[in-house]
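**Q** I'd like to ask you about the structure that follows.
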Ligand code: CMP
């Protein structure tokens, strides 16, 4: 089974708008397994690392201010092809362009306050999970719905 891990940051706008449960629920309902979850306050150093490809962009200062404006919730999820599956559930960056049914399509109208961050590739996912979680904060456990979330051949 091509089990992948991916990182989600539930952003300050989601917490302020009381959307935390809604967002966690969407990932749970899909069948993804939560293997790590915590609330943290982001700071300049980790944001400069996490958004290193954006540091020279004109919106970087305002992105940092937004991401530090309240705590965030970080989650590590695992599942079959989890990286691409999560990106479909989340939708493209700009909420006003995202399809209805996706988290951003249903809950955001913005290119910045877009509810969640999700890892965009297998290269970045492993780095991002390791950036936000120590190994002892990630849990390997059996979920009783496994046999019904996946077909026999997928379970391997
Ligand atoms: P995210 O998926 O976390 O990746 C980078 C983030 O930068 C993005 O979501 C938005 O929150 C933010 N972002 C991207 N483009 C813009 C923009 N043009 N103006 C402001 N913020 C942006």
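The values are calculated or read from the model by the stated rules, or taken from the named source; none is laboratory data. What you see is a predicted model, and the numbers here were worked out from it, not measured in a lab. When we count neighbours, we look across all protein chains shown, and the Cβ atoms used for this are built from the backbone with ideal geometry, even at glycine.
**Q** Against the definition (closer than 21 Å to residue 121 by Cα, assigned to a loop (DSSP other than H, G, I, E, B) and in contact with a strand residue (DSSP E or B) (Cβ under 8 Å, 6 or more places away or on another chain)), how does residue 37 come out, yes or no?
**A** Numbers: closer than 21 Å to residue 121 by Cα: yes; assigned to a loop (DSSP other than H, G, I, E, B): no; in contact with a strand residue (DSSP E or B) (Cβ under 8 Å, 6 or more places away or on another chain): yes.
When the stated conditions are applied, residue 37 does not pass them.
**Q** Among (1) within 13 Å of the ligand (Cβ to nearest atom); (2) surrounded by fewer than 20 Cβ atoms within 10 Å (Cβ to Cβ); (3) outside any helix (DSSP H, G or I), there is one condition residue 124 misses while meeting the rest; what is its number?
**A** (3)
**Q** Being within 12 Å of the ligand (Cβ to nearest atom), modelled with pLDDT of 95 or more and farther than 23 Å from residue 130 by Cβ is the requirement here; does residue 57 meet it? Let's see the steps before the verdict.
**A** Numbers: within 12 Å of the ligand (Cβ to nearest atom): yes; modelled with pLDDT of 95 or more: yes; farther than 23 Å from residue 130 by Cβ: yes.
So residue 57 fits the description; yes.
**Q** Give 58, 71 a once-over and let me know the one that is more than 30 Å from residue 150 (Cα to Cα) and touching a strand residue (DSSP E or B) at 6+ places or on another chain (Cβ under 7 Å). Let's see the steps before the verdict.
**A** On the way: 58 fails: touching a strand residue (DSSP E or B) at 6+ places or on another chain (Cβ under 7 Å).
On inspection, the qualifying residue turns out to be 71.
**Q** Sticking with this one: What is the one condition in (1) away from the ligand (no atom under 14 Å from the Cβ); (2) surrounded by fewer than 19 Cβ atoms within 10 Å (Cβ to Cβ) that residue 63 does not satisfy?
**A** Here residue 63 meets the rest and fails (1).
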